[in-house]
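Chemist: Here's a structure for you.
The values are calculated or read from the model by the stated rules, or taken from the named source; none is laboratory data. Keep in mind that this is a model prediction, so the values were computed, not measured. Here the Cβ positions follow ideal geometry from the backbone for every residue, glycine too, while neighbour counts run over all protein chains shown.
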């Protein structure tokens with residue numbers, strides 16, 4: 001008796017490498033855009049809060065030639081300049097107020113604290 005050996009032929013099988021990372025996050029284009037917008041908004045808010053805080057910190061006046069006031073609704077730099085120095089050119093007084101308070105624009109916010117020069121007697 002002759003023993004016949006059976007041979008099994010195996011064809012090469014393509015094996016796919018799968019990621020075994022559980023909890024990985026894949027973002028779509030829309031998700032990446034949203035995440036980018038949120039980060040930019042967060043940075044903007046942090047810078048805005050930091051700038052407002054630094055302006056509020058400079059309001060402490062020890063100079064007796066300055067007086068502190070709170071901006072009321074309807075107040076403008078022009079109106080304040082005319083009120084505190086009616087005999088002077090309002091443009092010069094406005095420039096002085098902006099320089100004292102380190103204002104980059106002439107716009108004011110209600111509730112904002114300003115240091116104003118006292119009128120010369």
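Chemist: Does residue 90 satisfy being at pLDDT 85 or above, under 12 Å from residue 112 (Cα atoms) and assigned by TED's automatic domain parsing to the domain that holds residue 115?
Modeler: Working: at pLDDT 85 or above: yes; under 12 Å from residue 112 (Cα atoms): no; assigned by TED's automatic domain parsing to the domain that holds residue 115: yes.
In short, no.
Chemist: Any chance you could count how many residues in region 60-85 are exposed (fewer than 13 other Cβ atoms within 10 Å of the Cβ), closer than 15 Å to residue 115 by Cβ and either at pLDDT 90 or above or under 25 Å from the mean Cα position of the chain (by Cα) (or both)?
Modeler: Here the count works out to 3.
Chemist: Give the number of residues within region 99-116 that are under 16 Å from residue 78 (Cβ atoms) and touching a helix residue (DSSP H, G or I) at 6+ places or on another chain (Cβ under 7 Å).
Modeler: Qualifying residue count, region 99-116: 4.
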